[in-house]
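Here is the structure we will look at, set down as structure tokens.
The values are calculated or read from the model by the stated rules, or taken from the named source; none is laboratory data. The shown structure was predicted, so the numbers you read here are calculated from the model rather than taken from an experiment. Note that each Cβ is placed from the backbone with ideal geometry, even for glycine, and that neighbours are counted across all protein chains shown. We work out accessible area using only protein heavy atoms, side chains counted, and drop any ligands, DNA or RNA first. Shrake-Rupley method; radii C 1.70, N 1.55, O 1.52, S 1.80 Å.
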Amino acid sequence: VAGKSLINLRADDKIKARLETLFGVALPGQPNKMAAIGTRRALWLGPDETLLMIEEALVAEFMLSVKATLGDAHYAATQLSDALVIFRLGGARRLDVLAKGCSLDLHPDSFDIGDCAQSLLSHAAITLAADSDDSLLLFCRTSFSDYVCSWLKDAAIEYGYILLDNN
């Protein structure tokens, strides 16, 4: 997804309200949930860990604001934009493609808009987020992105895949 930066945020509940004010999105309080406003996303990764997706042009200002607002509070905010790749998977058969290598139940009755989960796709660690009716976000390490892209193409061949832009 072009123009987006990723930040791994680790913080306890005591300072989350200040972070939510800065980010503009309420951080998810329930496991495997995602909160979104506009193009910003906050994905629950653990009790004290959230993955933030923010506009690339605003990430430096956001990081400075976090530091200024939180001061010496106990937290960690790490930019991951170079470490992770984001794929947007669309199409009527996207769940069939993923089912070939991911053990998660991605049926809309089980994995609906606002849900996210960490899993494996074949041999690669991924995070999936359902952010719309007709597509999913797939996050993976940059070092696995070629493998994941090739795997997705191969798994989608029987459905006549179309590779749009990787953004």
Among 86-95, 12-21, how do they line up by average Cβ neighbours within 10 Å per residue, starting with the highest? 86-95, 12-21
Averaged per residue, what accessible surface does the chain expose to a 1.4 Å probe, in Å²? 54 Å²
Evaluate the distance, in nm, between pseudo-label points positioned 7 Å from the Cα of Ile157 and of Gln79 along their respective Cα→Cβ axes. 4.0 nm
Mean separation of Cα contacts under 8 Å (6+ apart) over length of the chain, as relative contact order %: 23 percent
Per the Cα gyration tensor, the chain corresponds to an equivalent ellipsoid with semi-axes, largest first in Å, of 30, 16, 13
If you roll a 1.4 Å probe over the chain with all protein chains in place, what percent of the accessible area is carbon or sulfur? 52 percent
Could you name the lysines in cross-link range of Lys153, using Cα to Cα under 16 Å and dropping any fewer than eight places away on the same chain? Lys100
Where a Cα-Cα gap under 13 Å defines reach, which aspartates and glutamates qualify for Lys33, not counting those fewer than 8 residues away within the same chain? Glu49, Asp112, Asp115, Asp131
About the Cα centre of the chain, what is the dipole size in debye to 20, counting +1 per Lys and Arg Cβ and -1 per Asp and Glu Cβ, all else neutral? 240 debye
So for the stretch 40-114, what percent of the C-alpha to C-alpha distances run longer than 15 Å? 71 percent
